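The values are calculated or read from the model by the stated rules, or taken from the named source; none is laboratory data. A quick note: this is a predicted structure, and the numbers were derived from the prediction, not measured. Don't worry about glycine lacking a Cβ; one is built from the backbone with ideal geometry, like all the others, and counts go over all protein chains shown. These accessible areas exclude ligands, DNA and RNA; they are computed on the full protein's heavy atoms, side chains included. Shrake-Rupley method; radii C 1.70, N 1.55, O 1.52, S 1.80 Å.
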Amino acid sequence: SINLSNFKRNPTYSRFIGNDLRDEQTAIAFYNYIKNNYSFLLKTDVLNKFLVNDKIGNPMIYNIEGISISPGTLRFVKVLGDVLNINENVKNIIEIGPGYGGQCLIVKAYFNDVKYSLLDIPESLLVSKTYLNKNDCDVTFIDTNDIIIEDNYDLVISDYCLSEIDSTGIDFYVNNVVNRCKCGYFTVNSIGELFKSY
């Protein structure tokens, strides 16, 4: 049983996926980036689709230019804008280390017909399954312990995950997933020794 009623304010959770406890200044920075680069994502009819991410988990909400929204949702919308900049016709996405599934939820809200797969260890997938099921989000879940990648993908997303594991883990994901993708979107904490060979 997973209680999602207040999880976005849980400090233990925040240590691992801290974007939901970011402050108002961070939210404003994300908002301004989106406004300056992807303003079409802030149109009311589009933005309203993304606010579903703030309905579960009790995130910190800030009012920015009349929009009540969390820093986490703004960050996911920023990543969506970056993804659209890479390939606006993406049809098949796989995400490595999806956290609770917020990025997937935002992408699926924009691309209703995109095929989306989440890849992680079973404990983490349980959280994302629970969260996305509450949002009626059609997604494929792939357990790293039973990895069978049957598709080639238009895009792989790894938002910090690959920079937080050792070189053996990186090799595993590169060989089993990244090499099967046309494009990649990677956010990393630092470009260090682990990434020199990639």
* Asked: Roughly how many debye, to the nearest 20, is the charge dipole of the chain about its Cα centre, given +1 on each Lys and Arg Cβ, -1 on each Asp and Glu Cβ, and no other charges?
  -> 520 debye
* Mind jotting down the distance between the C-alpha centroids of segment 112-138 and segment 50-98, whole Å? => 15 Å
* Asked: Let a ≥ b ≥ c be the square roots of the eigenvalues of the Cα gyration tensor of segment 28-120; is it rounded (a/c under 1.5), or, if not, prolate (a/b larger than b/c) or oblate?
  -> oblate
* Asked: What pairs from 8/182; 8/91; 35/108; 55/78 go past 27 Å between their alpha carbons?
  -> 8/182; 8/91
* What residues qualify as long-range amide H neighbours of residue 116, i.e. H under 5 Å apart, gap of 5 or more or another chain, H built at 1.01 Å from N? -> 93, 140
* Asked: Expressed in whole Å with the largest first, what are the equivalent ellipsoid semi-axes of segment 101-148 derived from the C-alpha gyration tensor as the square root of 5 times each eigenvalue?
  -> 19, 12, 7
* Structure fact -> Which residues qualify? For residue 64, with a placed amide H closer than 5 Å and at least 5 residues away or on another chain, they are 69
* Structure fact -> In order over segment 181-188: 3J(HN,Hα) from phi, Karplus 6.51/-1.76/1.60, θ = phi - 60°, whole Hz, x for each Gly or Pro, gives 10, 6, 9, x, 10, 10, 10, 10
* Asked: Over all distinct Cα pairs, what is the inverse of the mean 1/r for segment 34-78, reported as the Kirkwood hydrodynamic radius in Å?
  -> 10.7 Å
* Partner aspartates and glutamates for residue 49 [C-alpha distance under 13 Å; skip if fewer than 8 residues away on the same chain] -> none
* Asked: Can you pull the accessible area of residue 105 for me, 1.4 Å probe, Å² to the nearest 10?
  -> 10 Å²
* To do: Hey, can you find the accessible area per residue of the chain for me, probe 1.4 Å, expressed in square angstrom?
  => 50 Å²
* Hey, what do the phi angles of segment 28-37 turn into as Karplus ³J(HN,Hα) couplings, whole Hz, using 6.51/-1.76/1.60 and θ = phi - 60°, x for Gly and Pro? -> 5, 4, 4, 4, 5, 4, 4, 4, 7, 10
* Quick one: which residues, 5+ away or cross-chain, put their amide H under 5 Å from the amide H of residue 155? H built at 1.01 Å from N. => 92, 94, 182, 183
* To do: May I ask you to evaluate 6.51 cos²θ - 1.76 cosθ + 1.60, the Karplus curve with θ = phi - 60°, for each residue of segment 163-171 and list the ³J(HN,Hα) values in order in whole Hz, giving x for glycine and proline?
  => 8, 10, 10, 7, 5, 5, x, 4, 4
* Asked: What part of the accessible area of the chain, given as a whole %, is carbon or sulfur when the probe is 1.4 angstrom?
  -> 46 percent
* Dipole of segment 1-101, Cα-centred, from +1 at each Lys and Arg C-beta and -1 at each Asp and Glu C-beta, to the nearest 20 debye? -> 140 debye
* Asked: Using a simple charge model, +1 on the beta-carbon of Lys and Arg, -1 on the beta-carbon of Asp and Glu, nothing else, what dipole does segment 41-143 show about its Cα centre, in debye to the nearest 20?
  -> 160 debye
